[in-house]
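Below you'll find the structure, written out as structure tokens, and then a few comments.
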Amino acid sequence: MSDKPARIPYYPGCTMKTKALGFERSAMDCAEVIGFEMDELKDWNCCGASYPLTKDNLMGLTAPTNILIEAERRCQKEEVDPNLLTLCVFCYNTLKRTEFALGQDKKKLETINAFLDRKYEGSVRVVHYLEYLRDVIGFDNLAKMVKTDMSKFKVAPYYGCLLLKPQKEIGLDDPEDPVILHNFLDALGCKVIDFPAQVDCCGSYLVMREPEKVSKLSYDILADANEYGAETLVTACPLCQSNLDQSQGDKVQFADLDGMPILYFTQLLAIAFGLDTKTHKLEEHHIDPLPLLKAHSGADSESK
Amino acid sequence: MLINPVEKDQKRISDLELATGETISDCYQCGKCTAGCPASMDPAPSVLIQFLKLGQFELARNAESIWSCMACLTCSERCPKNVSPAAIIEGLKNLHLRDMDPRVDLETMSRDFLARSPQMAIISGFRKFI
Ligand code: SF4
Ligand code: SF4
């Protein structure tokens, strides 16, 4: 990775253009303040969302490989470092694991190239926005850009599963005892609430088949965060955001818990930078984060 | 339960190993996967693997609990023997799905769910259940 922040090829994925618009817009606004540009790939397809776990998974690798090819060509043409920035944790996991699989298994790479009738040379390195902040920008430097006093925010860093696992392929942080979101929140000056359920699963796509189980898992995570004193929770995953936020509509399961707003880490970063959050879709969250944001940061609720 | 090893199942078990890339005999039944599994599966992940170790392919294949796995990968990450129960479970699910036996019915799926769910929930759901 280069050490100078600049224009970096960016893969959004489907959710970022629909249900997680607030995530993408807040990330882009923050990138502008930090001094880099998220340069969206011109021609991209869905990555397939979940990485196929079995070894006979060639078909499932064609979609993400096509994206890596697009990124590789762009980087070669523009003579920039072959990095591909992602925000969505599902996309990140799928693309990163594909990068790993094709790097390990040349035969797989050749088969997929032959099938796609395009050539992937294997040069792209998939990077998550958080990783970029940590490794290229530096959390120390990020801290210097903070304009708002964030000390009243009691925030639980929630990692979930796919940002970290499997560690030997993703390699972002320790899957059992991660610190990257903790350190990010520290840099913002928030009160970081370390809580045991930070790496527990929210239920993921099981919401399609067993929503009650997802409600129960979400409840366990939020009850834990609440018990440790958190007022809000940050995530990098649109499915975690949706499950944890929308499950709170289950009034029976959540009878003894006050609503807890679930924010994307970039939405909180935008508040810390003192940005106008009008386009960050905060009003679309099931549990309205605006009262909390207003009370703690004096941020105005123009986005209503 | 009385367990009688079934000979013809051995072939299907080695096919499953080939498809998933896992070696079922590597599992030494420590139960660590089951201990960390958030999906309240019954039979639990280590039990499903024990069925396969005992040659009881159908017991594993037809276990309803495989459909509750959410691929959180906690089991695979923690297994001291480098087995991926999540991959084995996905391999079992694929046998049904490739037989055109889907586990969610698109016709009856609520419009509200489709309207408010993020795309990856729907796409992953399609991949895992259809
Ligand atoms: S953790 Fe691994 S070795 Fe232990 S029971 Fe599960 S699969 Fe077998
Ligand atoms: S991947 Fe599936 S079996 Fe493994 S711990 Fe998670 S839910 Fe349980």
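Numbers below:
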item	result
Residue pairs meeting the criteria (Cβ under 6 Å; at least 6 apart or on separate chains; first under 14 Å from residue B:52 (Cα atoms) and in contact (Cβ under 8 Å) with a residue 60 or more places away in the chain, in region B:75-93; second assigned to a helix (DSSP H, G or I) and near ligand 1 (Cβ under 8 Å from one of its atoms))	B:83/B:26
The one condition in (1) surrounded by 20 or more Cβ atoms within 10 Å (Cβ to Cβ); (2) more than 21 Å from the chain's Cα centre (by Cα) that residue A:79 fails to fulfil	(1)
Selection from region A:13-54 of residues that are surrounded by fewer than 16 Cβ atoms within 10 Å (Cβ to Cβ) and polar (S, T, N, Q)	A:18, A:45
Residue list for region B:51-71, restricted to those being within 14 Å of another protein chain (Cβ to nearest Cβ) and not acidic (Asp, Glu)	B:65, B:66, B:67, B:68, B:69, B:70, B:71
Which numbered condition residue B:80 fails, given (1) surrounded by 13 or more Cβ atoms within 10 Å (Cβ to Cβ); (2) within 12 Å of ligand 1 (Cβ to nearest atom)	(1)
Output for region B:42-52, where each listed residue is open to solvent by 50 Å² or more (accessible area, probe 1.4 Å) and either within 9 Å of ligand 1 (Cβ to nearest atom) or assigned to a helix (DSSP H, G or I) (or both)	B:47, B:50
Residue in region B:58-75 that is closer than 20 Å to residue B:10 by Cβ, open to solvent by 10 Å² or more (accessible area, probe 1.4 Å) and within 10 Å of ligand 1 (Cβ to nearest atom) present	no
Residue match in region B:28-41 (condition: buried (at least 22 other Cβ atoms within 10 Å of the Cβ), assigned to a helix (DSSP H, G or I) and within 14 Å of chain A (Cβ to nearest Cβ))	yes
Test: residue in region A:235-243 that is part of a helix (DSSP H, G or I), under 22 Å from residue B:73 (Cα atoms) and without any contact (Cβ under 8 Å) to a residue 60 or more places away in the chain	yes
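Per-residue answers, yes or no, for (1) in contact with a Leu (Cβ under 9 Å, 6 or more places away or on another chain); (2) facing chain A (nearest Cβ under 8 Å); (3) among the basic types (Lys, Arg); (4) more than 15 Å from ligand 2 (Cβ to nearest atom):
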residue: B:19; (1), (2), (3), (4): yes, yes, no, yes
residue: B:44; (1), (2), (3), (4): no, no, no, no
residue: B:49; (1), (2), (3), (4): no, no, no, no
residue: B:73; (1), (2), (3), (4): yes, yes, no, no
residue: B:86; (1), (2), (3), (4): yes, yes, no, no
residue: B:91; (1), (2), (3), (4): yes, yes, no, no
residue: B:98; (1), (2), (3), (4): no, no, yes, yes
residue: B:113; (1), (2), (3), (4): no, yes, no, yes
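The values are calculated or read from the model by the stated rules, or taken from the named source; none is laboratory data. Fair warning: this is a prediction, and the values are worked out from it, not measured in the lab. In this analysis, Cβ positions are derived from the backbone assuming ideal geometry, glycine residues included, and neighbour counts consider all displayed protein chains. Only protein heavy atoms, including side chains, enter the accessible area calculation; ligands, DNA and RNA are left aside. Shrake-Rupley method; radii C 1.70, N 1.55, O 1.52, S 1.80 Å.
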